[in-house]
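The values are calculated or read from the model by the stated rules, or taken from the named source; none is laboratory data. Only a predicted model underlies this, so the values are computations on that prediction, with no experimental measurement involved. Cβ coordinates were reconstructed from backbone atoms using ideal geometry, including for glycine residues, and neighbour counts include every protein chain displayed.
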Amino acid sequence: MAKRLTRKLTDVIAEVKITLAAEHGIGQEQLDALRARVDANGHKFPIGSMMLPIDLLWIDYEVQRDVIVKHIVSIIKRYDPRLLAPASACTKVFDLNNQQSPIITFDGQHRTIITA
């Protein structure tokens, strides 16, 4: 069996930081400043992740494709729990009156449906 090419993520991160500094003039100080910035809506750069109940997640069909049952069947047939990743989601400001913004799934809606 052929050996798979694998690399430790921290090694790749170190190389990317070297390339950012050498080719783009972006050092650790600039990276820290970018992560610390706040956008016009007061949102900070995300730090970490969290698990949420599925019933809190939404799909925004303006930006996300429809759920495709055929794709769900394909995932079920190839299911490998070692490769199943959580969905990615974010909040989207719809109401500026400080009401709860929905948590929009932007990647992984098919995987999430399979787990429900």
request  = Return the pairs, sorted by first residue and then second, in which the second residue is charged (D, E, K, R) and at pLDDT 75 or above, the first residue lies in the range 16-43 and is over 24 Å from Ser101 (Cα atoms) and outside the structural domain of Ser101 (by TED's automatic domain parsing), the beta carbons are less than 9 Å apart, and the residues are 6+ apart or on different chains.
outcome  = Ile26/Lys17; Gly27/Lys17; Gln28/Lys17; Leu31/Lys17
request  = Of all residues in the range 55-82, count the ones that are at pLDDT below 85, surrounded by fewer than 10 Cβ atoms within 10 Å (Cβ to Cβ) and over 25 Å from Pro102 (Cα atoms).
outcome  = 5
remark   = Only unsatisfied item for Arg35, checking (1) assigned to a helix (DSSP H, G or I); (2) at pLDDT 80 or above, is (2)
